[in-house]
Amino acid sequence: SKQQPDFDWRPFHLGYRFGACLILLFWLLWDTIVDTLYRPPKDSGWVHSIFPIYRAFFCVVLMFWLLGCCIFVWSKYRVNYIYIFEIDPRRAASIEDVFFQATNVTIIVMTNFLLYYKVLRGDFPAWVPAPFFPMLLVGIALVWALV
């Protein structure tokens, strides 16, 4: 009797993480565009002080997604990017690994930005002050870079 191979859950996990990223993206766009049209914020000074921090983190998020797309295209068209960029083949990340990291970073950055924005607008209880969230994000990035 043949044994059935175990089911590969990686595409499922990647799919629901990608779905979470899409939901967070729509929520973020709704809060920053639609809610702002109906109830403009009292003070827009936060944009000039905190926005560069979040802009940098969103650039890192974009970098992860574009790296995943590049690896996908290079693999599809059989470009030996591991040899070209002189990457150690034993340590080279697969497409799934890059997209898992992209979804993790996206979820963390978007959730942090939503919490910051909600606390700033008064839509969320302010038991944690709003400037705590960008500092938390920088702390998470430092810990992740050191590990």
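State yes or no: is F72 open to solvent by 90 Å² or more (accessible area, probe 1.4 Å) and either among the small types (G, A, S) or modelled with pLDDT of 95 or more (or both)? Criteria met by F72. Among the numbered conditions (1) in contact with a helix residue (DSSP H, G or I) (Cβ under 7 Å, 6 or more places away or on another chain); (2) aliphatic (A, V, I, L, M); (3) open to solvent by 60 Å² or more (accessible area, probe 1.4 Å), the only one that L62 does not meet is (1). Counting only residues that are open to solvent by 90 Å² or more (accessible area, probe 1.4 Å) and aromatic (F, W, Y), segment 133-147 holds 1 of them.
Applying the selection to segment 113-147, what residues are small (G, A, S) and free of Cβ contacts under 8 Å to residues at least 24 places away in the same chain?
Here is the first cut: in segment 113-147, the ones small (G, A, S) are 122, 126, 130, 139, 141, 145.
Selection gives G122, A126, G139, A145.
Of these, A56, A102, A20, which one is open to solvent by less than 70 Å² (accessible area, probe 1.4 Å) and without any contact (Cβ under 8 Å) to a residue 40 or more places away in the chain? First the steps, then the outcome.
Values: A102 fails: without any contact (Cβ under 8 Å) to a residue 40 or more places away in the chain; A20 fails: without any contact (Cβ under 8 Å) to a residue 40 or more places away in the chain.
Result: A56 is the single residue among A56, A102, A20 that is open to solvent by less than 70 Å² (accessible area, probe 1.4 Å) and without any contact (Cβ under 8 Å) to a residue 40 or more places away in the chain.
Against the criterion of being over 23 Å from M135 (Cβ atoms), among the acidic types (D, E) and in contact with a Lys or Arg (Cβ under 7 Å, 6 or more places away or on another chain), E96 qualifies.
Report, by residue number, each residue of segment 75-99 that is without any contact (Cβ under 8 Å) to a residue 40 or more places away in the chain and open to solvent by less than 50 Å² (accessible area, probe 1.4 Å). So that I can check it myself, show each step before the final result.
Start the filter on segment 75-99 by keeping residues that are without any contact (Cβ under 8 Å) to a residue 40 or more places away in the chain, which leaves 75-95, 97-98.
Correct list: Y81, I82, A92, A93, S94, I95, V98.
In this structure, does R78 turn out to be within 30 Å of P129 (Cα to Cα) and not small (G, A, S)?
Working: within 30 Å of P129 (Cα to Cα): no; not small (G, A, S): yes.
No.
Of all the criteria given as (1) open to solvent by less than 50 Å² (accessible area, probe 1.4 Å); (2) assigned to a helix (DSSP H, G or I); (3) more than 22 Å from P11 (Cβ to Cβ), the one not satisfied by V128 is (2). Restricting segment 110-123 to residues that are touching a Phe, Trp or Tyr at 6+ places or on another chain (Cβ under 9 Å) and surrounded by fewer than 21 Cβ atoms within 10 Å (Cβ to Cβ), which is nearest to F57 (Cα to Cα)? Residue satisfying both the conditions and the ranking: N112.
The values are calculated or read from the model by the stated rules, or taken from the named source; none is laboratory data. This one's a predicted model, so the numbers in the text were calculated from it and none came from an experiment. Here the Cβ is made from the backbone with ideal geometry for all residues, glycine too, and neighbour counts use every protein chain on show. The protein model used for the area step is the full one, side chains on, heavy atoms only, and it has no ligands, DNA or RNA in it. Shrake-Rupley method; radii C 1.70, N 1.55, O 1.52, S 1.80 Å.
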